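Take a look at the structure set out below.
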Amino acid sequence: MDVHPRDRFDYWHDVACRNIAGHSSKPASKQTFEAQIEGGSIADMGLVLFENSPMTVTRTARHIAQSEGDSLFVCQQVRGSVAIEQNGRQVILQAGDVTLVDPLLPYFARFSDVSKLLVLKVPRAALRARLGQTREMLAIPISACEPRFGSVSSFVAMLPGIAGSISCAAEELARDQTLDIIAWSLLNAVGLSKPRVSSARSLALLNVRTAIESRLCNPALDPRTVAEAAGISVRYANALLGEQSTSITRLIRTRRLVRCRIALEDPLQGHRTISDIAYGWGFSDMTHFGRSFKAMYGVSPQHYRSLHKSPRSGAQR
């Protein structure tokens, strides 16, 4: 919408507070201030892409006390630069760089001219399940110039392009992959400067989950194979997972059931039989699969597919 130049900044500030987080901000020039903001989502992960003239942003305890929601912000600079201060650290993001910001803690940011920033609003619980406590990871740079993080930067940058254009089932997969790659990046970024026991445990746990996820289609997958791939013992892997009330065996079954559920929901996979989907994700006994699915979701696989079947899908049972 058209906004009079004298009102542009105030309008922008109101929109930014509603879409990102409440804050105070000060532009380099109110008269020449320009900005654009776009929003979207992938599953339960919000995306906000905005560009603006030079300004500073401050989020204080007063803003935090008035806020709702419980997300963490994964910030990627798309163009220009921004300096962010939080938790006693300062990080300067150039194009492609990523960092983590916690909106439940005060922060300060200074944006350059022609700055463009992508903010992923990720569920706190989902990221903490992969990382544990995140406070030590705030305002840590994940530099696009470092070879180990180049793919991370590219992956995050493509998210706005797929938001709203893929199925709900595909959104869930994209969300999980995004959280996994962000968690891996943060753990490695922290480990570069100051390895800690908590980070080592989180990295080991992430390795276990990655070993499972990448081998789900193998019907012979067992705890020993997972532990060897993660570089730890079966006992230690189960101890780590026990803190999340699961085990290697239970997690394998759970992740297979989740993958099957997503496939049963996906209209693009409507041509596949239920047995083809189950066998494809590592189940070798259809009776066991059917019982496990019903125990987890409350209905049989056939009934679940019928509940999510579109009139034109022609899905096989």
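The values are calculated or read from the model by the stated rules, or taken from the named source; none is laboratory data. Model, not experiment: these values are computed from the prediction. Note that we place each Cβ from the backbone using ideal geometry, even for glycine, and neighbour counts take in every protein chain shown. Just so you know, the surface numbers come from the protein's heavy atoms only, side chains and all, with ligands and any DNA or RNA stripped out. Shrake-Rupley method; radii C 1.70, N 1.55, O 1.52, S 1.80 Å.
Tabulated data for the structure shown
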read-out	value
Choice from 147, 267, 54 showing the highest fluctuation, given a GNM over the chain with Cα pairs closer than 10 Å	147
J(HN,Hα) series, segment 151-160, from Karplus relation 6.51 cos²θ - 1.76 cosθ + 1.60, nearest Hz, glycine and proline x	5, 5, 4, 5, 5, 5, 5, 7, 4, x
Exposed-site-free run, longest, the chain (rule: GluC sites (Glu not before Pro); DSSP loop; at most 12 other C-beta within 10 Å)	69-242
Inter-centroid distance (Cα atoms) of segment 109-162 relative to segment 237-289, Å	29
Global form of segment 147-195, assessed from the alpha-carbon gyration tensor, a/c cut-off 1.5	prolate
Relative contact order of the chain, defined on C-alpha pairs under 8 angstrom at six or more residues apart (%)	13
HN-Hα J in Hz across segment 121-127 - Karplus 6.51, -1.76, 1.60, θ = phi - 60°, x for Gly and Pro	9, 9, x, 4, 4, 5, 6
Euclidean distance of C-alpha centroids, segment 35-56 and segment 77-92, integer Å	16
Gyration tensor (alpha-carbon) shape descriptor, segment 109-205, a/c threshold 1.5	oblate
Three-way shape label, segment 1-99, alpha-carbon gyration tensor, a/c 1.5	rounded
Extension gain from residue 218 to residue 18, taking 0.36 nm per residue of separation minus the Cα-Cα distance	67.4 nm
Solvent-accessible area of residue 29 with every protein chain in place, 1.4 Å probe, in Å² to the nearest 10	40
J(HN,Hα) series, segment 232-248, from Karplus relation 6.51 cos²θ - 1.76 cosθ + 1.60, nearest Hz, glycine and proline x	9, 7, 4, 4, 5, 4, 5, 5, 5, 6, x, 5, 10, 6, 8, 8, 4
Candidates 98, 74, 15: whichever shows maximal mean-square fluctuation once the chain is modelled as a Gaussian network with Cα springs under 10 Å	15
Rounded to the nearest 10 Å², the accessible area of residue 108 at probe 1.4 Å	50
Cα→Cβ-extended label distance, 7 Å offset, between residue 104 and residue 60, nm	2.2
Accessible surface of residue 232 - all protein chains present, 1.4 Å probe, nearest 10 Å²	40
Ellipticity estimate at 222 nm from DSSP helix runs (n ≥ 4, -39,500 (n - 2.57)) divided over the chain, nearest 500	-13500 deg cm²/dmol
Portion, in percent, of the accessible area of the chain that falls on carbon or sulfur, probe 1.4 Å	52
Exposure rank, largest accessible area first [297, 279, 304; 1.4 Å]	279, 297, 304
Å² per residue, accessible surface of the chain at 1.4 Å	49
